[in-house]
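In what follows, a single structure is set out as structure tokens and then discussed.
The values are calculated or read from the model by the stated rules, or taken from the named source; none is laboratory data. Note that this is a predicted model, so its numbers are computed, not measured. We place every Cβ from the backbone using ideal geometry, glycine too, and count neighbours over all the protein chains shown. In case anyone asks, the SASA skips ligands and DNA or RNA and just uses the protein heavy atoms, side chains included. Shrake-Rupley method; radii C 1.70, N 1.55, O 1.52, S 1.80 Å.
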Amino acid sequence: MEPPGITMRSRSGSTYRFDPGALSLELLTTRGPGEFRRYEVLHAPGDLVAWAERSRLTPTPALKVTRAEVASARRLRDALFRVATARASGGADEPYDIDTLSDIDTLNEAAAHAPLIPTITPGGARGWADGADGTRLLATVARDAVDLLTGPFAHRIRMCSAENCALVYVDTSRPGRRRWCSMEHCGNRNKVRTLRARRSEGSE
């Protein structure tokens with residue numbers, strides 16, 4: 001069985017597995033606002049469907065997505081990115097500032113729609129009820145975000161410690177010491193840099 005998470009591709013072209021720990025945070029892998037706009041992944045309905053196929057939704061629902069829903073997905077994702085990063089850097093008492101209030105409204109509005117409805121197939125497998133569209137998909141993602149941001153792991157939402165990585169994850173490990181988006185990517189690069197630095201110091 002494939003481990004949870006999404007397969008990512010680095011700038012060098014190598015692939016690695018990134019598990020952000022929550023469905024809603026998986027949406028952030030489609031890039032985000034500001035400087036990340038140039039890496040945009042969600043352009044057409046098929047792009048949102050492709051993301052759902054890569055996500056932890058199992059099995060993938062048979063989605064019908066409109067262009068308007070793709071625009072809504074980008075709006076939800078950008079709002080979630082700002083809220084999640086604010087939560088990652090904020091304190092427990094006041095995790096958000098006034099600038100994120102409109103983004104919280106965006107999350108709440110998306111969550112207010114009817115979500116995807118899980119079913120049991122005649123064969124006993126998990127399935128989804130008819131009518132799975134982009135709006136229901138986004139409602140499911142937004143509700144997951146609400147659960148995460150108000151749940152016991154809200155204080156463990158973090159950004160990768162690498163200087164040039166902005167991936168967001170929730171640390172669900174027992175010790176709560178996760179620092180990297182992926183040990184095989186940013187974690188490994190940090191180990192290599194540390195080893196080179198030690199060898200350099202030893203040769204002086």
* Can you pull out the residues in the range 30-46 that are out of contact with any Lys or Arg (no Cβ under 8 Å at 6 or more places or on another chain) and touching a residue at least 40 places away in the same chain (Cβ under 8 Å)? -> Phe36
* Out of the residues in the range 149-188 that are basic (Lys, Arg) and open to solvent by 60 Å² or more (accessible area, probe 1.4 Å), which is farthest from Val83 (Cα to Cα)? -> Arg174
* Asked: If you check every pair at least six apart or on different chains, which have Cβ atoms under 8 Å apart with a residue in the range 53-75 that is more than 20 Å from Thr7 (Cβ to Cβ) first and a residue that is surrounded by fewer than 13 Cβ atoms within 10 Å (Cβ to Cβ) and aliphatic (A, V, I, L, M) second?
  -> Arg67/Ala44; Val70/Ala44
* Does Ala79 satisfy the condition of being within 13 Å of Leu27 (Cβ to Cβ) and in contact (Cβ under 8 Å) with a residue 24 or more places away in the chain? -> yes
* Subset of the range 85-103 [closer than 19 Å to Cys181 by Cα and modelled with pLDDT of 90 or more] -> Thr85, Ala86, Arg87, Ala88
* Asked: Taking the range 148-172, which residues are touching a residue at least 40 places away in the same chain (Cβ under 8 Å) and either in a helix (DSSP H, G or I) or of a type in the set (A, V, I, L, M) (or both)?
  -> Leu148, Leu149, Ala154, His155, Ile157, Met159, Ala166, Leu167, Val168, Val170
* Asked: Does the range 136-148 contain any residue that is open to solvent by 40 Å² or more (accessible area, probe 1.4 Å) and either under 24 Å from Tyr39 (Cα atoms) or touching a Ser or Thr at 6+ places or on another chain (Cβ under 6 Å) (or both)?
  -> yes
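So, Ala114, is that one touching a Lys or Arg at 6+ places or on another chain (Cβ under 7 Å), over 30 Å from Arg174 (Cα atoms) and outside any helix (DSSP H, G or I) or not?
Spelling it out, Ala114 is indeed touching a Lys or Arg at 6+ places or on another chain (Cβ under 7 Å), over 30 Å from Arg174 (Cα atoms) and outside any helix (DSSP H, G or I).
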* To do: Return the pairs, sorted by first residue and then second, in which the second residue is outside any helix (DSSP H, G or I) and open to solvent by 50 Å² or more (accessible area, probe 1.4 Å), the first residue lies in the range 123-147 and is acidic (Asp, Glu), the beta carbons are less than 8 Å apart, and the residues are 6+ apart or on different chains.
  => Asp133/Lys64; Asp133/Thr66
